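No value in this document is a laboratory result; all are computed from the given coordinates. Predicted, not measured: the structure shown is a model, and the values here were computed from it. All Cβ positions, even for glycine, are placed from backbone atoms using ideal geometry, and neighbour counts span all protein chains on display.
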Amino acid sequence: MGRESGWRRSAGCRETFECRGRELSNQEANGPDHSADDAYGQLLQLLENLASVRDVLKLPQPSVLRYDRHTHEQCADLVERIKDTWLAVLERREGWQRVDPDKTDEENDAFWRASSLILAAHFSTALKYAEVSFLGGKSKGWSPFLKSFRRGLLLSEYGVDAAVERRLLSDFCAGWWDSSFMEVVGSAAMGKTPVGYDLFVFWAIEHLSEVALFSPHQEHLRMGHLLSRALAERSREAVDRRDKADIEFRDRIWRDAVSVRELPALASRQKGVVEKYGEKHVESKFEDSLNLLMQGLGFMVIPTRQGQRRVDMICISPGGDSDPYAILIEAKSSHNNYALPTKDSRAISEYVDSVRGRLRTLPPLRLVLIVGPEGAKTLGGKVRDLDFELPVPVRYMPIRTLLLLRESLPGVVPAQAFLRAMMAAESVVLPVHVESVISAFRTVNAAHSEFISRMLDE
C-alpha cells in the first residue's frame, strides 16, 4: 500500500521534473534563457519536486545544474533542499521506495544506494558555494555543521546500508567544518592553537575511507571516494589560506628574522621569493635583508641611493677592541652562480676610485666585500684580478657563509677578528675562514663572563 501511494504521489510531478531536468541540461549548450533569479527558481523547484527514488535517479549531474552561478545564500537554500531529500533516502522512507517486481530485493536495495550516491555528489558540490552563508549565520537555522545534525545521523536506525551512508555524511560534514575552522585558528607552529585542525581533517578522510571499505557495495565505495575527494580539495584550499595568513602574521611579528632567513633564496632568485616579491623587487629586498644582517653583527650601515652607479652600502665596524674601519658592500642576486661580469667589476672599480678620497670623515676603508649566491668556477680568478687593480682588498662571500656567521654569533662580531678572517681568504670567503671569528667571539664572551662572575663572588 505504501509503495503504491509513493508511486502515485510522485507521478503528478514526474512530468514537470523531467521537463525541468531537460531544460537545465540544455542550458550549457544553448545559453541561459532566463536571468540568474529565474535559473535559481528553476533549480529550487527541481529539487523541491523530488518525491521518490525514481526522481532522484533522473537528476542531472551537478556540473549541468551549475551551482556556481548562484549566490551563497541561494546555494545554502539549495543545500538544505538536497539535505531534505537525502534524509528521506537515508531514512528509507516507504513512500520513496522504488520496487521493480522483476528485480531481487538486493537489486531493489541498490536503487536506494544509487540515489544516495547521486545526492552526495550534489550535496558536496553545492556546499562549496553555500559554506560562506552557513558560516556567516545567514542560513535559516539549519547548518550542515551543527553537531546535533551530525549526531542525529549517527543515532538513527534504518538498516545497515543507510547506516553506512549516514556515517559517511556525518564524517564529511565534520571534516568540512574542521577545514573551515583551520583557516580561523591557523597552525600549531604559530602558537595560535595547541593542535592543528588539519589533523582532524585527516581523521575525517581516514574515517570516510574505512566506512566505505566496510561496505561490500560499489555505490558506497564510490560515495566514500567522492566525499573524500571533495573534502581533500576543500582542505587543500584551507591549508593554502591558512599558510598565507600565517606567513603574513610571521612577517609582521618576526620581520627581521624572516628577512635574514630568506637571504639565500633572495640571492639566488628562487621561484618562491620571485613570486612573493616580484622579479623587480627581489634585488632591493635582498639589499634590505643584508642591511639587517650586518646591523645584527654590530655594524653601522649606511645604505647608498638605489639606481646610481655605486655600491649598495657602507658599513662601519663596531668599536671596542680597536679603532673602527669601513667596508663597502655590494649585494648581488642572480638566478645562476655569480661570475662577477665585467660591467660589475668596472662599476665597483670606478666607485672605489671616486669615493676613497671623499670619505675623510669616516673611518678608513679596509675592504670591498661582494655578497651574493654561490660563485661560478671563474669567480675566484676574477676577484683576484679586481683585488690586484684596486688599492683596497676585495673579497667575495657567499651569502650562506655570512648567514652561518650570523647564526653562530648571538651578539656583536669581534671587528678585528672579522677583518683578519676576510684578509686570510685568498678571494672567496669560505666557512673555514669565519670559524676563527666564531672562536674569537666565544673567547671574548667567556672572558667577560668569568670577569663578571669573579666580581659577583667577591
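Summary table below
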item	result
Karplus-derived HN-Hα couplings along segment 234-244 (A = 6.51, B = -1.76, C = 1.60, θ = phi - 60°), whole Hz, x at Gly and Pro	5, 5, 5, 4, 5, 5, 4, 5, 4, 5, 4
Karplus (6.51, -1.76, 1.60) ³J(HN,Hα), θ = phi - 60°, over segment 81-92, in Hz, Gly and Pro reported as x	5, 5, 4, 4, 5, 5, 4, 4, 6, 5, 8, 6
Label zone at His225 (point 7 Å along Cα-to-Cβ), backbone N below 11 Å, segment 162-176	none
Signed unit charges on C-beta, dipole axis of the chain, positive-most listed residue His70, Leu213, Ser449	Ser449
Separation between Cα centres of segment 199-241 and segment 172-189, rounded to whole Å	15 Å
Degrees, to the nearest 10: 160-185 long Cα axis against longest axis of the chain	30 degrees
Residues listed by number, segment 379-407, amide nitrogen under 17 Å from Ser436 label point at 7 Å toward C-beta	393-397, 402, 405
Straight-distance crosslink candidates among lysines, where the alpha carbon sits under 30 Å from Lys382 and sequence neighbours closer than 8 are dropped	Lys271, Lys280, Lys285, Lys332, Lys343
Segments 427-436, 365-374 sorted - mean Cβ within 10 Å per residue, highest first	365-374, 427-436
Relative contact order computed over the chain (Cα-Cα under 8 Å; 6+ residues apart), in percent	9 percent
Cα centroid separation, segment 347-415 to segment 51-87 (Å)	68 Å
